[in-house]
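**Q** Structure incoming, see below.
The values are calculated or read from the model by the stated rules, or taken from the named source; none is laboratory data. Bear in mind that the values here come from a model prediction, so they are computed numbers and not experimental data. Here the Cβ positions follow ideal geometry from the backbone for every residue, glycine too, while neighbour counts run over all protein chains shown.
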Amino acid sequence: MSNRPDHVNQATDHDETFEELVAAQAVGSLGSDDANRLKDHVRQCARCRQLLAEYRSAATVLALGLEQSPPNVGLKENVLAVASREMGAPQSLPPAPNVVVLARQEEARPGFFGRLRLAYALPLAVLFVLCLGLAWWNLALQEQLSAQQTQLERQNRFIAAVAEGGQRVPLVGTDRAPDASGEVVQPVSGGPPLLVVRGLPQLSQDQVYEVWVIAGGQPTSAGLLQPSDEQSTMVRLRHEITGADMVALTAEPAGGSPGPGPTGPIYAAGRV
Amino acid sequence: VTTASEPTDEQLLAAVGRRELGALEALYDRYHRLALGLARRMLGDEQGAEDVVQDVFLAVWRQAHLYRRERGAVKTWLLAMAHHRAIDRLRQRANLDRAPDPLEDIEDHTVAPVWEQALAQITVEEVAGALGSLPPEQRETLELAYFGGRSQSQIAELQGVPLGTVKGRTRLGLEKLRGLLAGVRG
C-alpha cells in the first residue's frame, strides 16, 4: 500500500501499526508489500507472532458463522480416489509403546512380586499386540464394508436413474483403451449425473483420469476417476451433461489437469 | 463436537500422516461442509468451491506432517488453507499477486492449546451472538476482507473512509472475536 506510514518500514520495532498489519493479514487483506514487511518484523517479534495466530483463530469465527453446505459425497469420492491412488505400500503397524513402558517398569522392581509381574509381562504384551491386531482387522473390515455400501448405493442410484428414463450417453474407448466402455446417466429427477466405466487401463502413480463435459467447445472438469481392480467403476459427476455436446475421459497429472482444460490424451468419449 | 469415543482432530491428522485413508475420510466428513460453505461464500461458484475443498483435503493427505499444533487448531488450519486457496483464486481473477504468509517458515512461536479448545467448544449461538454484536461497519469491514478478499485500500474506497479507519475497524472487530474465544476458553 502506498500510503503506509514511514515507521512501518522499521521492521524490528514493535508498535500498534504492526498490530494493525497483523489484523489485516489475519483476514487476508494485506498487500504483498506490507505482507513482506510484516514477515520481516514477525520473525523478530514474539508478540506479533502470538497475535497473528490468535487473530487467525478469531477470523475463523467468521467462517463458523456461515451455513454449512449439504454433504458432498461425489467430491469425497474424488478426494479419496486420488488419495488412494497416491498411497504407497501398506504401512506396518506402529510399535506399541505401552508394552515397552510396562517391561521397563517391571525391570525396575525386583523381588517376588516384581518377578511374578515380569512373568506376566510377556503374555500380556502378546495379548496386547493381538488385541491391537484384532482392532486393526476390525477397522479394515469396517472400511471394506463401508466401501461396498457406497458402491452398492451408487449402483442403486444408477439403476434408478436408468429406470426413470434419464438421459444416457454411451462412452466408447479410443485406441489407447480399446477395451473401455461406459455410460453416463443424467437422472430425470435432477442431481448429478452418474458415470459407470469399465476396461480402462491402470495409469501410472502420478496420473489420474479426469472426466470432461464439453459444451460449445468449452471443456469443464466433472471430476476425477480412479479405476478400481473390479470390473467397473462408478462415480458421481460434478457437472450436468444437459446441453453438453460430449463427455470425455483423459489422463491427467495426479490431482487433475493443471489448466482449465484437458492436457492429456483421450481414453474414452461419447456424444451427448 | 467430538465425544469421548471419537478420535480428536489431532489423532485423525496423525493417522493421516501414517497414510490411513479412513482418517482422511473422517476428517473430510467432519469439516468439508464448513470448508465448502466458506469457499462457496468467497468464490460464488460451486465448481470453484469444490476445487478448493478438493485441493485442501489432498494437501492434508500429502502434507499432514506440516501441521503444527502451535499454530492453532486443526479446524483453524483446514479453514485457513481453504481461505488462502480461495483468496488466491480471487486474486488470480483480479490479476493480483499472492501475499506471502508471515508465519510460513517460522517454527518457534507458540499459541496456547486453549484456543483449540475454544474453537471446538464454541456454539453456533455464541458465534451468531458475537457476529451480531459487532458494529455494522466493523462486521462489513471484516466480511469484505475475509470473504471478499479485498485489500484494505479497496475496502477504504468502497466504504468511502480513510485507510486508517479500515485498519482500525479490522483490528477492533478481530479483538472482539478474540474476546469471544477468550470467554469460551474460560
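**Q** Residue under question is A:Pro258, and the condition is that it be out of contact with any strand residue (DSSP E or B) (no Cβ under 7 Å at 6 or more places or on another chain) and either farther than 15 Å from A:Arg85 by Cβ or in a strand (DSSP E or B) (or both); does it hold? Reasoning before the result, please.
**A** Values: out of contact with any strand residue (DSSP E or B) (no Cβ under 7 Å at 6 or more places or on another chain): yes; either farther than 15 Å from A:Arg85 by Cβ or in a strand (DSSP E or B) (or both): yes.
So A:Pro258 passes the test.
**Q** State all residues of the stretch B:149-186 that are surrounded by fewer than 21 Cβ atoms within 10 Å (Cβ to Cβ), over 19 Å from the mean Cα position of the chain (by Cα) and β-branched (Val, Ile, Thr); if no residue qualifies, say none.
**A** The answer is B:Val161, B:Thr165.
**Q** Tell me which residues, restricted to the stretch A:59-77, are of a type in the set (Asp, Glu) and facing chain B (nearest Cβ under 7 Å).
**A** The first filter runs over the stretch A:59-77 and keeps only residues of a type in the set (Asp, Glu), leaving A:67, A:77.
Hit for the stretch A:59-77 is A:Glu67, nothing else.
**Q** Being under 26 Å from the mean Cα position of the chain (by Cα), at pLDDT below 85, assigned to a helix (DSSP H, G or I) and more than 10 Å from chain B (Cβ to nearest Cβ) narrows it down to one residue among A:Arg115, A:Arg104, A:Arg85, A:Arg56; which is it? Show your work before the answer.
**A** Values: A:Arg115 fails: under 26 Å from the mean Cα position of the chain (by Cα); A:Arg104 fails: under 26 Å from the mean Cα position of the chain (by Cα); A:Arg56 fails: more than 10 Å from chain B (Cβ to nearest Cβ).
Sole residue among the options that is under 26 Å from the mean Cα position of the chain (by Cα), at pLDDT below 85, assigned to a helix (DSSP H, G or I) and more than 10 Å from chain B (Cβ to nearest Cβ): A:Arg85.
**Q** Can I ask one more? In the stretch A:34-53, which residues are in a helix (DSSP H, G or I), more than 7 Å from chain B (Cβ to nearest Cβ) and not charged (D, E, K, R)? So that I can check it myself, show each step before the final result.
**A** Residues of the stretch A:34-53 that are in a helix (DSSP H, G or I), as a first pass: A:34-44, A:46-53.
Within this subset, residues satisfying the condition of being more than 7 Å from chain B (Cβ to nearest Cβ) are A:34, A:37, A:40-41, A:44, A:47-48, A:51.
Correct list: A:His41, A:Gln44, A:Cys48, A:Leu51.
**Q** For a quick check of your reading: which helices (runs of 4 or more DSSP H) sit entirely within the stretch B:73-150 and have at least 3 residues that are at pLDDT below 75? If you could, list the steps in order and put the result at the bottom.
**A** Values: elements: B:74-93, B:114-121, B:124-133, B:136-146.
Those helices (runs of 4 or more DSSP H) span B:114-121.
**Q** Does the stretch A:261-272 hold any residues that are among the hydrophobic types (A, V, I, L, M, F, W, C) and either part of a loop (DSSP other than H, G, I, E, B) or more than 19 Å from A:Leu203 (Cβ to Cβ) (or both), and which are they?
**A** As a first pass, look at the stretch A:261-272 and keep what is among the hydrophobic types (A, V, I, L, M, F, W, C): A:266, A:268-269, A:272.
Within the stretch A:261-272, just A:Val272 meets the criteria.
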